[in-house]
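Right, one structure below, let's go through it.
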Amino acid sequence: MRYSIILSLLTSLYTSISLAEAPKMKDNNFFTISVSCSGQKECIYKNQSEIPVIVSIQNIYSKGYYIPLEYIKKTGPSIKLTDRGNKSSMPLKPNLVSWDLKKKMTYIPEGGYIEFTWTLLDRDISSFINDGNLNVDADFKIRTKIYDDKEMEIGDFISLSKLFIKGSNLNEDKR
């Protein structure tokens, strides 16, 4: 009985400490992301197997900093596809990659930016075709830690961007 009371107290104490030390997201004054298809905020889908999307990360902070770019490029941004008509949505799964990639840092100078290409696949897009038409919002999100010039962690930050994907006269048998 006495041990169960002690165990109960220790468990609640540990839970309180764990919750108090949980990392909190900070306001993102460090970067913004933007996404585009050939420089446009709208992608035209014509039953192609891949849609290349340019993802840009812009440094909006007053100093340069480091991010784990290789990790971000390999896992990809978080993406949620939402049908504009019936509002059905589907999150896309990130790639599983080596945790060691988080140690490979890339410096982004003040006002600088970096870009990489992310590919949306037809198997993800085609499920949203309704009566030969496609009208989908693709919500992109990058969440990453930022590190100062001595590679000390500053914090964990998120930025969002949206892309519109449309198509008409589509037929899944064309692939």
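The values are calculated or read from the model by the stated rules, or taken from the named source; none is laboratory data. This structure is a prediction, so every number in the text was calculated from the model and none was measured. Here Cβ is always computed from backbone atoms with ideal geometry, including for glycine, and neighbour counts include all displayed protein chains.
For PRO68, are the conditions met, namely being of a type outside the set (S, T, N, Q), under 30 Å from ASN130 (Cβ atoms), at pLDDT 95 or above and under 18 Å from the mean Cα position of the chain (by Cα)?
no
(1) within 19 Å of CYS37 (Cα to Cα); (2) in a strand (DSSP E or B): which one isn't true of ILE146, the others all being true?
Exception for ILE146: condition (1).
So, ILE142, is that one surrounded by 11 or more Cβ atoms within 10 Å (Cβ to Cβ), of a type in the set (A, V, I, L, M, F, W, C) and more than 20 Å from CYS43 (Cβ to Cβ) or not?
no
Of the residues that sit in region 86-97 and are surrounded by 12 or more Cβ atoms within 10 Å (Cβ to Cβ) and farther than 19 Å from ILE33 by Cα, which one is farthest from the chain's Cα centre (by Cα)?
Restricting to residues being surrounded by 12 or more Cβ atoms within 10 Å (Cβ to Cβ) and farther than 19 Å from ILE33 by Cα, the top hit is SER88.
Hey, does region 19-40 have a residue that's surrounded by 10 or more Cβ atoms within 10 Å (Cβ to Cβ), modelled with pLDDT under 85 and more than 21 Å from SER127 (Cα to Cα)?
Checked against the condition, which is being surrounded by 10 or more Cβ atoms within 10 Å (Cβ to Cβ), modelled with pLDDT under 85 and more than 21 Å from SER127 (Cα to Cα), region 19-40 yields at least one hit.
Collect the residues in region 104-125 that are touching a residue at least 60 places away in the same chain (Cβ under 8 Å) and surrounded by 14 or more Cβ atoms within 10 Å (Cβ to Cβ), keeping them in residue-number order.
Across region 104-125, the qualifying residues are ILE108, PHE116, TRP118, LEU120, ASP122, ILE125.
Inspect all residues belonging to region 128-143 and state whether any of them is part of a loop (DSSP other than H, G, I, E, B), over 20 Å from SER49 (Cβ atoms) and at pLDDT 95 or above.
No - not one qualifying residue is present in region 128-143.
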